[in-house]
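Input: a single structure, listed below in structure tokens.
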């Protein structure tokens, strides 16, 4: 029998709750499910919420009875916040988070590089916000608990997944014993040590790096701004790297690289942790500062991905699908993008609106995203933790030159996580005007937000299905376009029309957004005589036109949702 701990996890800033286990004896006989999600971390819960947003029920299985221990993921990007806005938790993240946009790199006591993330009046969210993962999991869980389409089961550990023709059977262990559950689809969101991935003997592609880092969360009062701090080759840890981040509730994250040959077990001894943290605080001018340890762990940088995320009825997502280094805030932020993509792709297949070719597209797009991140993150990782003498020689040359030569300093840039652009997606229109635009988001790109009012933004009006942004000053959408839109809806395609430009409601549009000063039109590169954009349910662009007629729209809709 599976008996997860019922002892509250220790923390000096977060009060853990132990949830009641879900037991089969207390519920009716289990029927076959549409989707079962194994894992209740960020990827699993966002997938469940996205599926529910598209009207698809799911069961979420958590082997534990409480949220994860330690701060873990703490830095969330603007795009992650836009995704979390879609599932209803962005406001709570903002209330408790620390926003920031600057990163600093230091060498020999001198700041040699300062990164400034773009931010302007059209952005609802800051480039990055710091929130400890336990709080984020709490917010997501509350949203799941409030949704009648999500069946959340604490204390349910998956022992085995057996695939049959068109469905899978899960053997699930609980504190009263084992029960089985059938499901058309199984989402493996069971983390970097995925038991499902191991049981299926699936191999990841990529590289692992030798360097280890300690993560230490300490409670300490430091009069420093909320900015990323990176220290290279410090006297107390020669040749290695230290990172620091301010977290909410008076907590600071300190990440420091271990000297070659030191084991994780040695590094996590209390006397070792104390000596290193004292040395770091002294180096930044706060020797003798009183601090208290909350949580510590060790990680190593890995850049690995499955070459295919879909295996029969099992779909991998988040860390179960890929392992990425944390440099550049890539872990949970990539998981959110995975989950948003999987949510709508799988929902449309479950509802019979598209063939399983759509899931193949999801895998192709997200594997491509993982490989792009691996390429970018690999550069950062090799700079942080040089894997060979040659890389170390090059890195050390950059460090030395950066003291006097400005041209090498951009090499410190940590290549912050950014949303992948599905430039070559099979869902992109082949007959639109994408190549003729001189501005605006192109094929596969995420949308650009635009401020419409004091607390009103374009992305507030998008999501939940396909969106057609139709730029016009006319009183009505052309009749032929309206007929094409109605025909698509009659076949089950969720398609909303947002007219942009007119100060009064446009006939045939679900929503009309005024654009008196032409700012929205300018951001999207649309000429004065009109144009249009088609956005997928994950808000990425799949078609755009300078001129749109019914034939071109119908072709784009058929491409965007393959039958």
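The values are calculated or read from the model by the stated rules, or taken from the named source; none is laboratory data. Computed from a predicted structure; not experimentally measured. Every residue, glycine among them, receives a Cβ derived from its backbone with ideal geometry; neighbour counts consider all protein chains shown.
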Exercise. Name the residue, out of 365, 292, that is modelled with pLDDT of 95 or more and farther than 28 Å from residue 535 by Cβ.
Key: 292
Quiz item: If residue 48 satisfies every condition in (1) in a loop (DSSP other than H, G, I, E, B); (2) crowded, with 24+ Cβ neighbours inside 10 Å but one, which is the exception?
Solution: (1)
Quiz item: Which pairs do you get when a residue that is under 17 Å from residue 57 (Cα atoms), found in the range 20-32, comes within reach of a residue that is surrounded by 10 or more Cβ atoms within 10 Å (Cβ to Cβ) and modelled with pLDDT of 95 or more, reach meaning Cβ atoms under 6 angstrom, with the pair 6+ apart or on two chains?
Solution: 30/181; 32/182
Quiz item: What is the number of the single condition among (1) surrounded by fewer than 19 Cβ atoms within 10 Å (Cβ to Cβ); (2) more than 29 Å from residue 362 (Cα to Cα); (3) in contact (Cβ under 8 Å) with a residue 12 or more places away in the chain that residue 493 does not meet?
Solution: (2)
Quiz item: Within the range 68-87, how many residues are at pLDDT 95 or above, part of a loop (DSSP other than H, G, I, E, B) and buried (at least 23 other Cβ atoms within 10 Å of the Cβ)?
Solution: 1
Quiz item: Of (1) closer than 19 Å to residue 207 by Cβ; (2) in a loop (DSSP other than H, G, I, E, B); (3) touching a helix residue (DSSP H, G or I) at 6+ places or on another chain (Cβ under 6 Å), residue 307 satisfies all except one. Which?
Solution: (3)
Quiz item: Of the residues in the range 256-281, how many are without any contact (Cβ under 8 Å) to a residue 24 or more places away in the chain and closer than 23 Å to residue 111 by Cα?
Solution: 1
Quiz item: With 73, 52, 63 as the choices, which residue is closer than 17 Å to residue 147 by Cα and either in the same structural domain as residue 337 (by TED's automatic domain parsing) or without any contact (Cβ under 8 Å) to a residue 24 or more places away in the chain (or both)?
Solution: 52
Quiz item: Can we say residue 36 is closer than 18 Å to residue 160 by Cα and in contact with a strand residue (DSSP E or B) (Cβ under 9 Å, 6 or more places away or on another chain)?
Solution: yes
Practice problem: Quickly run through the range 450-465 and pick out the residues that are in a loop (DSSP other than H, G, I, E, B), under 21 Å from the mean Cα position of the chain (by Cα) and surrounded by 20 or more Cβ atoms within 10 Å (Cβ to Cβ). | Solution: 462, 463
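Select from the range 466-478 the residues that are in contact with a helix residue (DSSP H, G or I) (Cβ under 9 Å, 6 or more places away or on another chain) and either over 21 Å from residue 358 (Cα atoms) or surrounded by fewer than 18 Cβ atoms within 10 Å (Cβ to Cβ) (or both) and list them in ascending order.
469, 470, 471, 476, 477, 478
Residues checked against (1) modelled with pLDDT of 90 or more; (2) surrounded by 24 or more Cβ atoms within 10 Å (Cβ to Cβ); (3) closer than 27 Å to residue 88 by Cα; (4) not assigned by TED's automatic domain parsing to the domain that holds residue 76:
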{"position": "312", "(1), (2), (3), (4)": "yes, no, no, no"}
{"position": "318", "(1), (2), (3), (4)": "yes, yes, yes, no"}
{"position": "329", "(1), (2), (3), (4)": "no, no, yes, no"}
{"position": "332", "(1), (2), (3), (4)": "no, yes, yes, no"}
{"position": "336", "(1), (2), (3), (4)": "yes, yes, yes, no"}
{"position": "350", "(1), (2), (3), (4)": "yes, no, yes, no"}
{"position": "356", "(1), (2), (3), (4)": "yes, no, no, no"}
{"position": "360", "(1), (2), (3), (4)": "yes, no, no, no"}
Self-check item: Check on residue 516, in a loop (DSSP other than H, G, I, E, B), modelled with pLDDT under 95, surrounded by fewer than 19 Cβ atoms within 10 Å (Cβ to Cβ) and not assigned by TED's automatic domain parsing to the domain that holds residue 359
Solution: yes
Practice problem: Return only the number of the condition from (1) surrounded by 15 or more Cβ atoms within 10 Å (Cβ to Cβ); (2) in a loop (DSSP other than H, G, I, E, B) that residue 152 does not satisfy. | Solution: (2)
Quiz item: Which one is surrounded by the most Cβ atoms within 10 Å (Cβ to Cβ) among residues in the range 111-124 that are under 17 Å from residue 224 (Cβ atoms) and touching a residue at least 12 places away in the same chain (Cβ under 8 Å)?
Solution: 115
Practice problem: Could you list all residues from the range 287-298 that are surrounded by fewer than 16 Cβ atoms within 10 Å (Cβ to Cβ), farther than 19 Å from residue 9 by Cβ and out of contact with any helix residue (DSSP H, G or I) (no Cβ under 6 Å at 6 or more places or on another chain)? | Solution: 287, 288, 290
Exercise. State yes or no: is residue 536 surrounded by 21 or more Cβ atoms within 10 Å (Cβ to Cβ) and closer than 30 Å to residue 47 by Cβ?
Key: yes
Self-check item: Unmet requirement for residue 158, which otherwise passes all of (1) under 30 Å from residue 263 (Cβ atoms); (2) modelled with pLDDT of 95 or more; (3) in contact with a helix residue (DSSP H, G or I) (Cβ under 9 Å, 6 or more places away or on another chain)
Solution: (1)
Quiz item: Does residue 196 satisfy the condition of being out of contact with any helix residue (DSSP H, G or I) (no Cβ under 6 Å at 6 or more places or on another chain), crowded, with 16+ Cβ neighbours inside 10 Å and part of a strand (DSSP E or B)?
Solution: no
Practice problem: Return yes when residue 498 is in contact with a helix residue (DSSP H, G or I) (Cβ under 7 Å, 6 or more places away or on another chain), buried (at least 16 other Cβ atoms within 10 Å of the Cβ) and either modelled with pLDDT of 95 or more or in the same structural domain as residue 526 (by TED's automatic domain parsing) (or both) and no when it is not. | Solution: yes
